[in-house]
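The values are calculated or read from the model by the stated rules, or taken from the named source; none is laboratory data. Here the structure is a predicted model, which is why all the values come from computation and not from measurement. For neighbour counting, all protein chains shown are included, and Cβ atoms are generated from backbone atoms with ideal geometry for every residue, glycine included. To get the accessible areas, we keep the full protein, side chains included, count just its heavy atoms, and leave off ligands, DNA and RNA. Shrake-Rupley method; radii C 1.70, N 1.55, O 1.52, S 1.80 Å.
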Amino acid sequence: MHPFTSLTIWFWLSASSLFLPLSWPLIVLGCSTFTALLFWRPARYRWKIVAWIMLPMAAGLWLIHGGWLAQLLSGDTLKNSRPEFALALWFKLLTIISASQLWLQYVPTERFIRALFASRLPASFAYLLAGPLLLAEQLRQQLSTIREAQIARGVPLDGRFWQRITSLPALLFPLASNTLSELSIRGAALDMRGFRYCTKRTTLNPPVDSPHQALLRYGLVLLIIIEGGLSLWW
C-alpha cells in the first residue's frame, strides 16, 4: 500500500472518531485500535508510548472536566462537572494515538520520504516536510556523541533525576549550535545539486501507486467532508 493511502486511512479514522459522540461505537473503536497495537507483534512495543500519554491524560481530564480541580483551588462545591465529555475526549485521543502508532510502524520513515519526493508536491514543500525526518537520525547520533563527551567531562547526565534536569542545557546548547552551523553547508549542497531548478523530479525506487489507491484516497477525503457536514448539521 502507498504511504499516502495508509496516511489517508489514518486521517479518516481519526476524523471519524472526532465526529462520534460518547457511545458504544466510539468505545469499540478506541479499544479495537489499542488491541490491534497489542496483537501486532512488530508494533507491540509501542503500547508503552500510548500508555505514557493516555494515563496522565486521563488524570488531567478527570481533574479539569470533572470539576475537582476547581473545587480544590476555590473550595466551592462541585459544579460544572462534565464526565461524559472527558470520557468521550479520552476515547477519541486513544483512537487517534493508537492508530498513529500503527501507521508509524507500518510505514518506514525512508519509504515515506521517498513518497514525498516522488509526489506532485512542490520540491520546496516536500523538502520542508521531509527535512525533520531526514534530520532525526543525525540529531540522535549527535545527541549521543554530545552526551558521551559531557559525561567524560564530569557532567552528571547519568545521575539523579534533578541532576539530569539541571544538566539539560549542557546537551541542548551544543546540539542547537551544531545544527545551526550546518544550515549554510546544507544550503550550499542543495544549490550545487540544482534544488528547485527543475519542476519535475526523478525519484529512484518510488513507492508503487495505482489509480485504485488514488481513487480510494479521494473517496476517503470526500467521506471526511460528508461526515463533518453531517455532524455539524445534526
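Residue order by solvent-accessible surface for LYS92, LYS48 is LYS48, LYS92, largest first, with ligands and nucleic acids left out and a 1.4 Å probe. Electrostatic tally near TRP62: other residues with Cβ closer than 13 Å to its Cβ, Lys and Arg +1, Asp and Glu -1, net 0.
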